[in-house]
1. Of all accessible surface on the stretch 277-328 at a 1.4 Å probe, what whole percent is carbon and sulfur?
2. Count of lysine pairs in the stretch 112-270 with Cα atoms under 15 Å apart, counting only pairs 8 or more residues apart in sequence or on different chains?
3. With all protein chains present, how much of the accessible area of the stretch 497-546 (probe radius 1.4 Å) comes from carbon and sulfur, to the nearest whole percent?
4. Can you give me the three principal axis dimensions of the stretch 78-167 from its C-alpha atoms, in Å, biggest first?
5. Each label point is 7 Å from the Cα along the Cα-to-Cβ direction; what then is the distance between the points at Asn282 and Gln610, in nm?
6. Please list 3J(HN,Hα) in residue order for the stretch 403-410, calculated via the Karplus relation 6.51 cos²θ - 1.76 cosθ + 1.60 where θ = phi - 60°; whole Hz, with x for glycine and proline.
7. In vacuo Debye scattering of the stretch 168-219, one point per C-alpha: log10 I(q)/I(0) at q = 0.14, 0.28 Å⁻¹?
8. Write down the radius of gyration of the stretch 483-562 and its Dmax, each obtained from C-alpha positions, in Å.
Amino acid sequence: MVWGHEECYRLIQEQGRNEDLRIIESLTLTLECGSKQSFQLAVTDLDDLRLLTFTARNYTENDTDLLEQAFQGTEFRVGRSYFRYCTEAFCKTFGMDYGLIARLDDSGKEPMAHSISFYNSRDGYIQNIRYSLLNTPCILPYQKPGVSFVPDNLQKVFPMDLDLIAMEAQSYIGLPILDENGKAIGHLALLHSKPIPEPTHTEKMFLKIFAARSGAELQRQRVEEELRRSQKKAEEGNQAKTRFLANMSHELRSPLNAVLGYSQLLGQSTALSETDRGRVENINRNGRHLLALINDVLDMSRIELKHLDIENSPVRLADIHQDVQALIFPPSNDSETTFLTSFAPDLPDTVLTDGAKVRQILTNLVTNSIKYGNGSEIKFQVSIDSNDDPQLSTLHFTVSDEGPGIPKKVHERLFYPFERGKHRLNSNIDGTGLGLSIARRLARAMGGDITLVSEEGQGSAFTLSLPVAIATEETPLVSCPTRSLEKTSLQGCVLVVDDNDASRDIVRQVLEREGLSVIEACDGEEGVATCLREHPDLVLMDVRMPKLTGLEASTQIKEALKMDSPVIIGLTGDLLNVKGTPQKHEVFDLVIGKPFEFTTLVKLVTNALQERTS
């Protein structure tokens, strides 16, 4: 006969106890009122007494519904939200005082647990803790598979765990959280201040489902954390690569500027013999070849680092044609290559595009046709696919030659980095094999592409297709800084600020021959002082200098002189963000990369001085 309330029936005699605890499965007893009730019986052997603990089990279909609702509530939760929801749901559904989910840290001398979510049914969420698993009930899930269960006398079983006293915990349910390999990576724990019955089969299944989902969530978080670390490491690597390339660009271009500059000056001297003039031309030719190789490597690095800014502005198509022809054909006049052009009649005069990148791509395509066209005729054709919406017009530049042609099976390979046309007859031509790869990547960055039509023995045709907008009459036209200008005698004072003696000397000689007065400064601080004292008409400012950089010096000059500030043109060997074509800049009026052509420098200075006096 069992009588009393439904909760817990105990026979207690305060005598010495041992920790011999045995669990007997559920018993069904008849109550005094005649109804039947299921009980969980726990037997504790004491010194002089056997303690029997009966716990009523009122597990109904409503409780199953609560478990199902708790499980459904996790469907769209991840991370912290999922773990917090679980611990709260465990406590409410199982009627427990504490719910905890923790991850294992076994990297030290003893296993440690880091709680991810810690919930108290009385106080709500508790601050997460880090604790040793030794001598605590939380070590049980790591010692055996399945559900660990201590129905009563938890503090007696683990007397060294003082936290159990603070929590008044007397019973415990624990379960390991496993990874995909079955290794424990954490645990789930529930604690109560009173004795509890052993979980039913249904309850254990739900706990295992939650533990499996928690394991997946912990692994997802671990993978995300590894990805974040990898991404951070990659970003740091890219930043280091960017710094290295910027330094390399500067360190290579500064001396190369001196080599090409002095070779150009020597080549213009009338005192040279023909033999010496040929030697100087060889120096200049090989220096330009080295510059082209450096440009290719830096261009590819710029693309890989995503240091590409597309700057659309009004560009005259006739200017692009003239610039490409002027850049390509003066050094190749002795090749007897014929350059034929064809412009569709419906072409607009001006379009909106990134003129510098279009010139770079076309220069590469024409150069390849010269290299591999066997001295044949080169055709340059321009057409447009118009649309009712001028923003959707597509411009086509086709460069074709009558060379040996290219087998179809290697068409795509040509656009891979370091492919150098080994299938062609002129496979011994110098180059890095980066040109076409860079050209296509630039085209695609602009929303276009480069296609190839070619067969063996029938020549090749490369077509650059770009989406463009047709410039209206109201669109201000940005004049091309490399257009030819009438020869004029220049007047004015130019301040050259550069820490490289050779660079200053070359610029001085070039500008003095044009009739300009030139003063020099060897660093940024001296440049600011000289500019404020002498008030030059124009400043050529090296970007990277000791003491005070070109940017800092130019900012101080503009702030001090305001409207009376001279035109400041930045000169830089760092071409990760600046190409050889002059560009606008937020501090400098223009920026041009080193090395530069004398004609380009003279035209820049001429334009700037004419605009200042107009």
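1. Within the stretch 277-328, the accessible surface is 50 percent carbon and sulfur.
2. Values: Lys144/Lys183; Lys144/Lys204; Lys144/Lys208; Lys156/Lys194; Lys183/Lys208; Lys232/Lys241; Lys233/Lys241.
Qualifying lysine pairs in the stretch 112-270: 7.
3. About 43 percent, which is the carbon plus sulfur part of the accessible surface.
4. So the extents along the principal axes, rounded to whole Å, are 32, 31, 26.
5. If labels sit at Asn282 and Gln610, their model points lie 4.0 nm apart.
6. Along the stretch 403-410, the couplings run x, x, x, 9, x, 4, 5, 10 Hz.
7. The Cα Debye sum returns log10 ratios of -0.40, -1.03.
8. 12.9, 40
The values are calculated or read from the model by the stated rules, or taken from the named source; none is laboratory data. This structure is a prediction, so every number in the text was calculated from the model and none was measured. Here Cβ is always computed from backbone atoms with ideal geometry, including for glycine, and neighbour counts include all displayed protein chains. For the accessible areas, the whole protein counts, side chains as well, though only heavy atoms, and no ligand, DNA or RNA atoms are used. Shrake-Rupley method; radii C 1.70, N 1.55, O 1.52, S 1.80 Å.
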